[in-house]
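Asks: Below is the structure I would like to discuss, written out as C-alpha cells.
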Amino acid sequence: MHSSLRCPTTRRNRSSRKGLPPRVHLRILTSAGAICLALLASCRAHPPPLDILPERETFIALARDFAGFREFGRIDLGERPVQSETHPGGRLVVYVNSVPKPGAKEFPVGTIIVKENLSAKTEPASTKKVFAMVKRGGGFNAEGATGWEWFELEEGDKGVAIRWRGVGAPDGEGYGGDPMGSCNSCHQMAVKNDYVLAAALQLK
Ligand code: HEC
C-alpha cells in the first residue's frame, strides 16, 4: 500500500535543477530524501509511545478510554495460531497506549492493551472478539493476573462499549464462567512478564 507513495518534493527539485550549483543541488536532494523517509515512516504502523503514563495508584477504565484505541501504538503480531476457544487464530494486532521503559519489571497502572483479530473482521460479529486488559492496580484481581482487569469490547454505532469487565469473563460465555479460569489461567503462563503473553510485548 505504501509502495505507491511518491515523493513530490524530489520531483519538484528535479525540474528546478537547472542553473543551481551542484552543491546546493545535492543539499536539496538530501533534504528531499529525508522528507520522503519521514513521510513513509509516519504512515507505517506507529510504535507505542514509551513510558508516557502519569504515576497513579489505580486506574478504572471507562468506555471512553477505549474510544480511540486504534490510535494507540500498534504492534502487528502476524498470523497467530488459535489459543483455545477464547482467541481464534488469525492476523493479530495489539494496540497499546504506552509501553514501559527498559528495565521496568511490570506494566504501569493505566496501561491499556487491546487485541484485535483482523482475520475475523468479515465474520459475524459474534466471532469477532476484541479483548483488552487494563492495569487497574489497587490490589485488583489479586488471585489472578494481579493488578489487571479483563475486558471484552464491542463496537457499535456509538463507538466502543464495554461488553463485560472484571477478573474474568461472565458466566454464559463459551470461554468463561470460572473466574479463576479463562483469562487468568492462561495469562498466568506469563507471570514473569506481568501476565502479558505476546512476544512483542516482553519487558526488557
Ligand atoms: C488458551 C490460552 C488463553 C486464554 C484462555 C486467554 N488468552 Fe489472552 N492471550 C493468549 C496468548 C497466547 C496471547 C498472545 C497472543 C499471541 O501472540 O498469539 C494472548 C494475548 C492477549 C492479549 C494481548 C496482550 C498479551 O497478553 O499479549 C489480551 C488483551 C488478551 N489476551 C486478553 C484475554 C482475555 C480478556 C481473556 C479471557 C476472556 C484471555 N485473553 C484468555 C492466550 C490466552
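No lab work stands behind these numbers, since they all come straight from the coordinates. Quantities reported herein were computed from a predicted structural model and do not represent experimental measurements. Positions of Cβ are generated from backbone atoms using ideal geometry, with glycine treated the same way; all protein chains shown enter the neighbour counts.
Asks: So how far apart, in nm, are the two label points at ASP76 and ASP51 if each is 7 Å from Cα heading toward Cβ?
Replies: 2.8 nm
Asks: Rank the residues VAL134, VAL196 as a footprinting-exposure proxy: fewest other Cβ atoms within 10 Å of their Cβ go first.
Replies: So the ranking, lowest neighbour count to highest, is VAL196, VAL134.
Asks: Assuming 0.36 nm per residue, please report the length gained on full extension of the stretch ALA199 to THR58 beyond their Cα-Cα distance.
Replies: Taking 0.36 nm per residue and subtracting the Cα distance, the gain is 48.1 nm.
Asks: Leaving out same-chain residues fewer than 8 places away, which aspartates and glutamates sit with a Cα under 15 Å from that of LYS192?
Replies: Output for LYS192: GLU106.
Asks: Once you keep just the Cα pairs under 8 angstrom separated by 6 or more residues, what percentage relative contact order results for the range 64-149?
Replies: 20 percent.
Asks: Next question. How big is the dipole moment of the range 63-201 about its Cα centre under a simple scheme where the beta carbon of each Lys and Arg is +1, that of each Asp and Glu is -1, and everything else is neutral? Debye, nearest 20, please.
Replies: 460 debye
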